[in-house]
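Enquirer: Right, I'll just put the structure down here and ask away after.
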Amino acid sequence: MNLASLKKIRSSVVTAGLLASMISISACQQQPEPEPSLENNINAEQPAPMSADPAEPNDIVVATDDAPASEIADDTIASVNTGVIQMLYLCAPELKVQATYKDEENTVVLVTNKGTVSLEQTNEGSNPEVFEGATAMDGTEGFVQWRVAHTERETGVIRTAGADESKVETYQCNKTG
């Protein structure tokens, strides 16, 4: 190797070193931050002012036959009239009963696969509560009695008969859910 080629290699190495150090120095220099994009603004949590006022109005909703209390009770902004309570019962022999108690009127409406009947409370007691009606479940001649016990109305007994009141059907019922 001669001296001229060693000088060329040395100058090439020095040039490459200078170029590499310039690149690394420019990479370390502080550069301005990029402007935040619209997407970043959307994803960022925005502070919300707090207020003592309620976020939504507290509307009072009264249950009707078109909108039973069970559907309205699931509505988070509705206040349900506390005098109406719906409960489901399974009875033996096989019978499903939906009872809608209207405590202020001292009545209950029983809905079954045999029909619907409205009954009035006939006693002052609360254990058991006794409700009676002067028609059979299907609306024909007869009677229906509903006795419900316990403070939570957990169990009940239905006695019903048609025109022949000597043939009374009795159902033992337990609240579901």
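Enquirer: When you scan region 144-155, how many residues do you find that are surrounded by 14 or more Cβ atoms within 10 Å (Cβ to Cβ) and out of contact with any Pro (no Cβ under 8 Å at 6 or more places or on another chain)?
Expert: Qualifying residue count, region 144-155: 5.
Enquirer: Just to be sure I understand, how many residues within region 115-143 are buried (at least 17 other Cβ atoms within 10 Å of the Cβ), over 15 Å from E105 (Cα atoms) and not β-branched (V, I, T)?
Expert: 4
Enquirer: For region 87-104, enumerate the residues that are free of Cβ contacts under 8 Å to residues at least 24 places away in the same chain and part of a strand (DSSP E or B).
Expert: Within region 87-104, K96, Q98, K102 meet the criteria.
Per-residue answers, yes or no, for (1) of a type in the set (V, I, T); (2) at pLDDT below 90:
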{"site": "S79", "(1), (2)": "no, yes"}
{"site": "G83", "(1), (2)": "no, yes"}
{"site": "A99", "(1), (2)": "no, no"}
{"site": "T107", "(1), (2)": "yes, no"}
{"site": "T116", "(1), (2)": "yes, no"}
{"site": "V130", "(1), (2)": "yes, no"}
{"site": "F143", "(1), (2)": "no, no"}
{"site": "V157", "(1), (2)": "yes, no"}
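The values are calculated or read from the model by the stated rules, or taken from the named source; none is laboratory data. Not measured: the values here are computed from a predicted model. Methodologically, a virtual Cβ is constructed for each residue, glycine included, from the backbone with ideal geometry; neighbour enumeration extends over all protein chains shown.
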